[in-house]
Structure formats: C-alpha cells, structure tokens
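See structure below.
Here, each number is a calculation from the coordinates, and none is a lab measurement. Everything numeric in this text was worked out from a predicted model, so none of it was measured. Don't worry about glycine lacking a Cβ; one is built from the backbone with ideal geometry, like all the others, and counts go over all protein chains shown.
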Number of protein chains: 2
Amino acid sequence: MTAHHGFGATLVGLAVLIQRRHAQICAEHDLTPAQAQLLCMIKDQPRGMTELAQLMGLAKPGLSGLVDRAERRGLVCRNTPGYDRRAVTLSTTPLGKDAIEALFADVSDRLPDILEGLSAQDQHLFEHLVNAVAATAGVPLHFGGRGECGDRGESTATACGDC
Amino acid sequence: MTAHHGFGATLVGLAVLIQRRHAQICAEHDLTPAQAQLLCMIKDQPRGMTELAQLMGLAKPGLSGLVDRAERRGLVCRNTPGYDRRAVTLSTTPLGKDAIEALFADVSDRLPDILEGLSAQDQHLFEHLVNAVAATAGVPLHFGGRGECGDRGESTATACGDC
DNA sequence: TATTGTTATACTCTATAACTATA
DNA sequence: TATAGTTATAGAGTATAACAATA
C-alpha cells in the first residue's frame, strides 16, 4: 500500500465516527446495533440459526442470547419448520419489521450527513469510492437495502459514466 | 444530502468492516480496541479521568472500569498530582507505551489493505477524501498519530495539488 | 455547594465448553 | 458420529444512581 503513515488510524477514526452516529440513531429507535443487524438479515426471509451466526460473524451461543433478548422484546420469533426437528428459523414480527424499516430509512437519511463538509462533487466521488470498496472488500453483511451483497465491481470512480 | 438511498447503510457496513479488521489486529497485540483507544490518548501526556471520559465519549464509571482492567494488566498507571488531592492522572507504563506504538505501526501497515481492490489512483483519491471527512466531521479522537485532531480543511480532493 | 473519582448494580455483547435432541 | 441449537460461565464494555473525599 502506498497510503501515508497514520492513514490506517484515520480509517479507524472514521469507523468510530460512523458507528457512533449509527448507534445513536439506533437508540432513538430503541434498538441496539446488534438487534438492527439481526433484523436486517431476516427482514426479507427467515433464516436458520447456524446460517445467521455465520453471516453475522458470531459464535452460536452469542446468537442465541441476542435472539433471546430480541424475542423478549417482541422483535423476532422462532419457528420450527417441519423438515428437521432440531432446526429453528427466525423471522421478524410485524413490530420488528416496522422497526427495521423505519430505522433503515432514518439511517439512509441522516448518516450521510457526515459528508456535509465536502463539496457536492466530492460527496459524489466519495460515495462511488465507498461503494467500490464495499463491493471489493466484501462488506460483512446485508446492511444495505438490497438483501444480498451488491457486487458490481467497477472501481474506477474517476471514470464513472453516470457522473 | 444527495446520496443514493441505501448509502447510509453502506457506510455502516464499511465501518463494521474497518472495526472488525482493527479489532483483529488489536487482538494479535493482546489489546482490546477500548484499551488501544485509551493508550493512544495518554501516550504523549498524562490526562485526568474527567478529561479522558469526555474525550472518549464515556461516562466516568465506564472509564474507571476500563482503567482498572488496563492497570491490572500493567498497561497504565494512576498518578496523584500534588495540586488537588481528589485528582488522578493516568499515564502509560513502558509496557503500555511499547504496546500502543507497535499496534499503531501495524494498523498503519495493514488496515489500508481494505482498499486493495481499487486502482492506485482511486486509492489516492479515497485517502484524500477520507482525510477531508475526518477533518471536517470531527473524527472523535486521537486515533491518528498526530496527537491532536489534524484539521487542515481542504476538501477539494478533485483539485488536490500534490497528486 | 460543586467537583473528582469510585463503588454498586444492571444490561448488552461476545467467547468457550458442555450439554440435549435429532439426524 | 455429526449437526442444530441451547445452557452455563466468564469477561469486556457501557449506563445510571449513590457515595466518598476534597475543593
């Protein structure tokens, strides 16, 4: 890498900035970031516990506890599909579905505010580059609205057609 | 903001990606991210508990516990300056200082790897934009190597002189 | 009275190990 | 035996409230 010394630390600072703002918006919706991530991942289809644990980068006991707390709050529910009596699938309740949709809209609205110090052109450029990094570096999960990892791999923001 | 719908969620995904990699590098150095942040903030000068709590965005009891654990591990030590017998200042031990310097070097080396899918030119551009966002949006703390918030505010990466 | 820092308590998140029930 | 999920236990991080000592 040709990055300047200290850039790694700046990236960490940026990540902290983003996550703090995200956590604050989550709190206004009475959700924790982990609950939001969980809801995000099952909002379109139910998933099994093992699959969820892998997607979220958690060990299974960690997921069990997270689900316990979310279930206690009426956000998700466990289902037992017929084909395997060991299995559990998790889906959102209507309350959980509403919560994650409202949160997603709010995050989409307000989180990009961190860029407001940039010119409109630079904001545009930054957005392209972040999308390229996210696509390339395998952004962990389905934080996006598109259900699955969006992976259109064009990284040449400098030569972006639709600008 | 003119950002596309879903971009806020992509930013969160990027933040998670960065923090996961950061946490992993911290773990290799036998530090938690919170301990790293703490050490980073006192590596050049001792600070009082109240000041530290404000800088780190923590309530004071949270900081007390963090310091307890770091002290137990020999990373920091509490000092009692003469001028106010209520006050406590915190400084690094030699062990703590070595640990944070080694970590910082490693983070600087390896964290920018997340950009390796971009062209060299786009990496450069991205670094400029991130620096501009960090300067503008007030990146929370002294994750950088420069001790205090670097705030050269030029945001026009597209017209950057030294490229 | 206001401030510095701590202790007490509680909850979320996460990890490892041991366990149950099913396949 | 292998897999799905849970329970048990532990520790880090964070919050609020109550407290101590000093200013």
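Details
- 7 Å along Cα→Cβ, label-point gaps from A:Thr80 to other copies, nm, shortest first: 6.2
- Among residues of chain A, the one whose Cβ lies closest to the rotation axis carrying chain A onto chain B, together with that distance rounded to whole Å, is A:Ala15, 2.
- Taken residue by residue and averaged, Cβ atoms of other chains lying within 10 Å of the Cβ of A:105-116 number 6.
- Inter-copy separations for B:Gln54, label at 7 Å along Cα-Cβ, nm, ascending: 5.0
- Distances between copies of A:His29, taken at a point 7 Å out from Cα along the Cα→Cβ vector and listed shortest first: 3.4 nm.
- Virtual paramagnetic centre 7 Å along Cα→Cβ of B:Leu95, amide N under 14 Å, in segment B:41-78: B:68-78
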